[in-house]
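**Q** What follows is a single structure, and I will ask about it in a moment.
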Amino acid sequence: MKKVFVVGSLNVDLTVYTPNFPVAGETVSGSSLRIGMGGKGSNQATAAHRCGGDVCMVGCIGRDAMSDVVRRHYENEGMSRTYIAESDTTETGTALIEVDASGQ
């Protein structure tokens, strides 16, 4: 089997479920929060690995609380972190995703 190298982003997605999207200056309480792995590059690497590929993800994370989510994901998937650099000068990518009651 050939190796698959994916160069791209490793993000942690913070998905909050809310009855409606806030407007400027408004606070809306969320009903739940889901913290999970994201980033287009990492998602592609994970998909290729789950399809049986011998995958190496190439990217960078910080040395912060969010990087623990990334490390756990790769450990749980049985994927190598050999080419995932860890930096003291940058933070792990994080994306906020809001989902309203209609699923938007």
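The values are calculated or read from the model by the stated rules, or taken from the named source; none is laboratory data. This one's a predicted model, so the numbers in the text were calculated from it and none came from an experiment. In this analysis, Cβ positions are derived from the backbone assuming ideal geometry, glycine residues included, and neighbour counts consider all displayed protein chains. The protein model used for the area step is the full one, side chains on, heavy atoms only, and it has no ligands, DNA or RNA in it. Shrake-Rupley method; radii C 1.70, N 1.55, O 1.52, S 1.80 Å.
**Q** For region 22-33, state whether one or more residues are of a type in the set (D, E) and modelled with pLDDT under 95.
**A** Checking region 22-33: at least one residue is of a type in the set (D, E) and modelled with pLDDT under 95.
**Q** Tell me, which residue of region 53-82 that is under 12 Å from S42 (Cα atoms) and in a loop (DSSP other than H, G, I, E, B) is most open to solvent (accessible area, probe 1.4 Å)?
**A** The qualifying residue most open to solvent (accessible area, probe 1.4 Å) is R81.
**Q** Tell me yes or no: at least one residue of region 51-72 is free of Cβ contacts under 8 Å to residues at least 24 places away in the same chain, more than 16 Å from the chain's Cα centre (by Cα) and within 17 Å of K3 (Cα to Cα).
**A** Yes; the residues of region 51-72 include at least one that is free of Cβ contacts under 8 Å to residues at least 24 places away in the same chain, more than 16 Å from the chain's Cα centre (by Cα) and within 17 Å of K3 (Cα to Cα).
**Q** Could you give every pair whose Cβ atoms fall below 6 Å, whose first residue belongs to region 16-30 and is within 20 Å of T94 (Cα to Cα), and whose second residue is modelled with pLDDT under 90 and of a type in the set (G, A, S), counting only separations of at least 6 or pairs across chains?
**A** V16/G30; Y17/G30; Y17/S31; T18/G30
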